[in-house]
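Each value in this text was obtained by applying a stated rule to the coordinates, not by laboratory testing. On a predicted model such as this, the values are computed, not experimentally measured, just so you know. Note that each Cβ is placed from the backbone with ideal geometry, even for glycine, and that neighbours are counted across all protein chains shown.
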Amino acid sequence: MQKTYDAQNIFARILRGEIPNKTVLDTPHTLVFDNINPAAPVHVLAIPKGAYVDFSDFATNASEAEITDFHRACAKVCEMLGLEAGGYRCITNAGAHGMQEVPHYHLHIIGGRVLGRLVDPA
């Protein structure tokens with residue numbers, strides 16, 4: 001399925017420098033920054049600098065360099081923020097059923113406390 005990227009989404013605007021952010025890590029292909037509405041003591045967002053709508057778009061269409069950089073940047077941030085010892089959660093949402101709010105692939109890295117269940121089993 002062909003996905004249409006909206007170049008006016010908030011993350012695209014952050015990448016263009018139109019909206020400020022609190023950068024945690026900036027690499028050639030990845031930007032990681034603090035979430036403005038954190039769900040835990042540590043809540044950062046990792047976004048690729050390329051125009052990808054969701055995980056499957058990124059996994060299918062990104063270059064090996066982009067994919068490698070993104071995952072290594074996420075691992076480095078987990079280490080930098082001290083999440084390795086207590087654990088953390090990585091979440092990405094896709095589409096309407098996945099409750100994706102911004103149509104730019106992003107990974108939530110959340111930790112700093114016990115997070116509870118991910119999905120209600122009901």
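What order do you get for 113, 89 when you list them from fewest to most C-beta neighbours inside 10 Å?
On the way: 113 12, 89 15.
With the sparsest Cβ surroundings first, the list reads 113, 89.
Got a sec? Charge dipole of the range 28-122, +1 on Cβ for Lys and Arg, -1 for Asp and Glu; which of 77, 96, 47 is way out at the positive end?
The residue sitting most towards the positive pole is 77.
Determine the relative contact order of the chain: mean sequence separation of Cα pairs under 8 Å and six or more apart, normalised by residue count, in whole percent. Kindly include the intermediate steps, with their values, before the conclusion.
Details: 181 pairs, mean separation 37.2, N = 122.
Reported as a whole number, the value is 30 percent.
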